[in-house]
Amino acid sequence: MSGAIATNPRSRLSDFFYRHSGLLTFALLLPPLLWIGIVYLGSLFALLLQSFYSLDEFSGLIVHEFTLSTYEQLFTPTNLTIILRTAVMAAAVTLASAILAFPIAYYAARYARGGWKALFYLAVMMPLWSSYLVKVYAWKLILAKEGIVTWVAGKIHLGWLLDALLAMPVIGGSSLSFSYIGTFIVFVYIWLPYMILPTQAALERVPKNFIEASADLGASPRQTFRTVILPLAMPGVIAGSIFTFSLTLGDYIIPQIVGNSRPFIGTTVYALQGTAGDIPLAAAFTVVPVVIMGIYLMIARRMGAFDAL
Amino acid sequence: MPPAVSFQHVSRHFGHVKAVDDVSLDIFEGEFFAMLGPSGSGKTTCLRLIAGFEQPTSGHIEIFGETAEGLPPYRRNVNTVFQDYALFPHMTVGENVAYGLMIKGVARAEREAKALETLAMVKLKGFDQRRPSQLSGGQRQRVALARALVNQPKVLLLDEPLGALDLKLREQMQEELKALQKELGITFVLVTHDQGEALSMANRVAIFNEGKIVQAGPPADVYEHPRSRFVADFVGSSNVLPPEFAAAHGGTHAWTSLRPEKVRLVRAGEALPAGQFGVSGRVASALYQGAITRIAVELNSTRIIAAIPTGMTTIQEGETVALAWDACNLVAMEAA
Ligand SMILES: Nc1ncnc2c1ncn2[C@@H]1O[C@H](COP(=O)(O)OP(=O)(O)OP(=O)(O)O)[C@@H](O)[C@H]1O
Ligand SMILES: [Mg+2]
């Protein structure tokens, strides 16, 4: 009925919000904005602030005076090595994840139908349902010297290959679970779903029509892949790589459990804020991944990774 | 000279759906050919068979005398304007148009020049730096056209290219397309379910129904001499007269088509000249349609629709009127 004014308070409220839709948006956004504003940005700001303080070496107390000396400490050879080690690991993990994820995502997006698609989601998501710690410890057992990988390699007469791999300088070690290779494998396993899902979502949104149009204009499947599918999937791959890259940069558990115990940024921060009590340096260290991610995204943008957005 | 496109008993079945069913057809070089039919009649599938997106279940397709089966789309000198245009969103308009040339390996400067030239041809000068998302529907349609034409295809396939445009723009684009086709001399194959579009643009139309071509020929021929009730009804509107009625009113004992505009109003007391036949009855409805008024006259065995030029008389519903037609306008049809 036109012109009737609702008397029921609930419909009156709906009417009010309908007429003042800006207010509704505001009311809906207020809680998340408060959360992001206070809890998230606030803690980030507090962290930044800490990184500009320094630790008095004799008393072990924090000097609350603005200084860049803590950041200077990042540039000592030891700390630079830690940063470099973490960044290289994160880059390797991201690259490997992207290479492994793409065919899976491509298949799921373009060919899998019905039951196969359900199976795909199940297979990708299921590892996310179980505890992260359990999975990492499971991998430690799998990769151990007495573990299944060594055993299988022996059975199929590929033990020599494993030995050769472990004999490689730097990335090798006494066993897979005590080497960079092991750390790398576990990182890739743990973060792979975060690469597959956004890549698959991006590929899913490439209409079949574009692929037909490209073929119609003379492009072979390879050319279509390079000039149409890949550019359109790129934002998804970049989104995935933001996950895998930043998650690897910040992780402090996997390198402690699987690997040769050399410090990564995460484990260093963990040690600095715990036993060492050097909060300012720990804070400065956590700023490093933020800066690296910033640079990474800038390069990605320059290279046109977001053109399809 | 072999035909541009030749279908020989071509079928394309999807499971038990016969999308295209035993179609034989020749489209000649330089022709503007239209495929007309209701939704689901197999027009798009036919076009996709020519483009190479579909392979026939049985039958044989030739493009300029060469066997087309097994030839992928990118090896056919045929380009398509897609119904929803399918412009690449990550490229500018200029890059979209130059895409086919880039794939062929044409040097950057040359392909950019060609793209600009083609954009000018479709009246889109100065739009090359825009993204497809920054264009209107009609402009996108032109970009899609330019993107296909820049490759100088021998056959251009258009799948309801004007479907998304408003009436005014559609009529304008129809004229432009027709002019372009004359100028370039490329074979155009147009799919549409708009009979006006097919009749006004094409040299020849094929009427599709349930995967089969039910009639093909020049527009005037198909319009004037529908061979079946389906064609009579689908192409324009028509009075379909039962055999007994037709035989008694100047025709033969067959289902007969009589176009509403061939029916005229008889003045009171007028004697019908030889060769004309008439009926009289009550006007069940009179619809004013601008230039004409469409009246439906109820008879006991059938009803006759007549399109009367507006302004001749004012006809009221419920009035009794006399109608007449020339016997030569009665078209006997093969199938009921
Ligand atoms: N890939 C497919 N799988 C199964 N059935 C299909 C497929 N493509 C088309 N069909 C069926 O084939 C028939 C003809 O389809 P087609 O797209 O050729 O019709 P159309 O004449 O272009 O119709 P419209 O005017 O609605 O576009 C339809 O019944 C359709 O459902
Ligand atoms: Mg169609």
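Descriptive notes on the structure:
- Of B:Met201, B:Met91, B:Met35, the residue with the greatest mean-square motion in the GNM of chain B, using alpha carbon springs below 10 Å, is B:Met91.
- Summing Lys and Arg as +1 and Asp and Glu as -1 over all other residues whose Cβ lies under 11 Å from the Cβ of B:Arg204 gives a net charge of -3.
- Leading residue at positive end of dipole, region B:161-206 (Cβ point charges), from B:Thr187, B:Pro161, B:Ala198: B:Thr187
- Using only side-chain charges placed at the Cβ, +1 for Lys and Arg and -1 for Asp and Glu, the dipole size of region B:5-233 relative to its Cα centre rounds to 660 debye.
- The charge dipole of region B:60-131, taken about its Cα centre with unit charges on the Cβ of Lys, Arg, Asp and Glu (plus for the first two, minus for the last two), comes to roughly 320 debye.
- Taking amide H as placed 1.01 Å from N in the peptide plane, the amide H of A:Leu55 sits under 5 Å from that of A:Val63, each at least 5 places away or on another chain.
- With helices as the sole contributors, the protein assembly as shown gives -15000 deg cm²/dmol at 222 nm; each DSSP H run of n ≥ 4 counts as -39500 (n - 2.57), and the sum is divided by every residue.
- Compactness ratio for chain B: Cα radius of gyration over 2.2 N^0.38 Å (N = residue count) comes to 1.19.
- Given charges at Cβ of Lys, Arg, Asp, Glu: region B:239-332 dipole, positive-most of B:Val263, B:His253, B:Ala322: B:Val263
- Couplings 3J(HN,Hα) for region B:191-207, derived from phi with the Karplus relation 6.51 cos²θ - 1.76 cosθ + 1.60 (θ = phi - 60°), are 9, 7, 10, 9, 5, x, 4, 4, 5, 7, 9, 8, 7, 8, 10, 10, 9 Hz, where x marks Gly and Pro.
- Relative contact order of chain B: 17 percent, from C-alpha pairs under 8 Å at least 6 residues apart in sequence.
- DSSP H segments from chain B that extend 15 Å or more along their own axis, Cα-based, with Kyte-Doolittle mean of -0.5 or above: B:93-104, B:137-149
- Relative counts (whole %) of C-alpha pair distances in the protein assembly as shown, using bins that are 20 Å wide: 14, 30, 29, 18, 8, 2, 0
- For B:Ser11, the residues whose modelled amide H falls within less than 5 Å of its own, excluding neighbours fewer than 5 places apart on the same chain, are B:Asp22, B:Val23, B:Thr57, B:Ser58, B:Gly59.
- Estimated dipole of chain A in Debye, rounded to 20 [Cβ of Lys and Arg +1, of Asp and Glu -1, Cα centre]: 1160 debye
- Computed from backbone phi, the HN-Hα couplings of region A:225-238 come to 4, 6, 9, 10, 5, 4, x, 6, 7, 4, x, x, 5, 5 Hz, rounded to whole numbers (Karplus: 6.51 cos²θ - 1.76 cosθ + 1.60, θ = phi - 60°; Gly and Pro given as x).
- Equivalent ellipsoid dimensions for region A:72-308 as semi-axes, Å, which come from the Cα gyration tensor, largest first: 34, 25, 16
- Database remark: amide H of B:Trp255 closer than 5 angstrom to the amide H of B:Met333 (H placed geometrically; neighbours at sequence offset of 5 or more, or on other chains; Pro and chain starts carry no H).
- Between A:Asp278, A:Asp251, A:Asp216, the residue with the greatest mean-square fluctuation in the GNM of chain A (Cα pairs under 10 Å linked by springs) is A:Asp216.
No lab work stands behind these numbers, since they all come straight from the coordinates. Not measured: the values here are computed from a predicted model. Quick reminder, even Gly has a Cβ in these numbers, built from the backbone with ideal geometry, and neighbours come from all protein chains shown.
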